[in-house]
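The values are calculated or read from the model by the stated rules, or taken from the named source; none is laboratory data. If you're wondering where the values come from, they're calculated on a predicted model, not measured in any experiment. With ideal geometry, Cβ positions are generated from the backbone for all residues, glycine too; neighbour counts draw on all protein chains shown.
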């Protein structure tokens, strides 16, 4: 098929240790993939791979929720909920297969307590 990797967009990175002042791990399709050291009784390899929603995607989601809330300040509560429900449901379904509890809590706290 003649497929090739573009060298300008391709890089090698370490997922466990910091290497040449780069943070460990990488972002791919909205996920942050990284490995963490654990004790010898938690894993045979000495590390666990943790996949979480990336910080950039969390910020984008928060900005979208905040704009919906701002646009519907004078609207009835039912209208606001009907606009927010599909956005929040879709985002949470996309990230439901990875470690997302902290990300859900962070976005929830920001959206609820900072915008009202």
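If you go through the range 99-116, how many residues are surrounded by 10 or more Cβ atoms within 10 Å (Cβ to Cβ) and either over 14 Å from residue 58 (Cα atoms) or modelled with pLDDT of 95 or more (or both)?
Of all residues in the range 99-116, those surrounded by 10 or more Cβ atoms within 10 Å (Cβ to Cβ) come to 99-100, 102-112, 114-115.
From what's left, either over 14 Å from residue 58 (Cα atoms) or modelled with pLDDT of 95 or more (or both): 112, 114-115.
The qualifying residues number 3.
Could we say that residue 47 is without any contact (Cβ under 8 Å) to a residue 24 or more places away in the chain and within 30 Å of residue 13 (Cα to Cα) here?
Numbers: without any contact (Cβ under 8 Å) to a residue 24 or more places away in the chain: no; within 30 Å of residue 13 (Cα to Cα): yes.
For residue 47, the condition - without any contact (Cβ under 8 Å) to a residue 24 or more places away in the chain and within 30 Å of residue 13 (Cα to Cα) - is not met.
For every residue, the table says whether it meets (1) assigned by TED's automatic domain parsing to the domain that holds residue 109; (2) farther than 30 Å from residue 110 by Cβ.
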position	(1), (2)
7	no, yes
26	no, no
30	no, no
36	no, no
42	no, yes
47	no, yes
61	yes, no
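Could you tell me whether any residue of the range 12-24 is within 12 Å of the chain's Cα centre (by Cα) and either without any contact (Cβ under 8 Å) to a residue 12 or more places away in the chain or assigned to a loop (DSSP other than H, G, I, E, B) (or both)?
no
If residue 70 meets every condition in (1) in a helix (DSSP H, G or I); (2) surrounded by 14 or more Cβ atoms within 10 Å (Cβ to Cβ) apart from one, which number is that one?
Only one criterion is unmet by residue 70, namely (2).
I want to confirm something. Restricting to the range 25-41 and keeping residues that are part of a loop (DSSP other than H, G, I, E, B) and surrounded by fewer than 12 Cβ atoms within 10 Å (Cβ to Cβ), which single residue is nearest to the chain's Cα centre (by Cα)?
Going through the range 25-41, the residues part of a loop (DSSP other than H, G, I, E, B) turn out to be 25, 29-30, 38-41.
If we keep only those that are surrounded by fewer than 12 Cβ atoms within 10 Å (Cβ to Cβ) too, we end up with 29, 39-41.
Working: 29: 10, 39: 26, 40: 28, 41: 28 Å.
Checking each candidate, the answer is 29.
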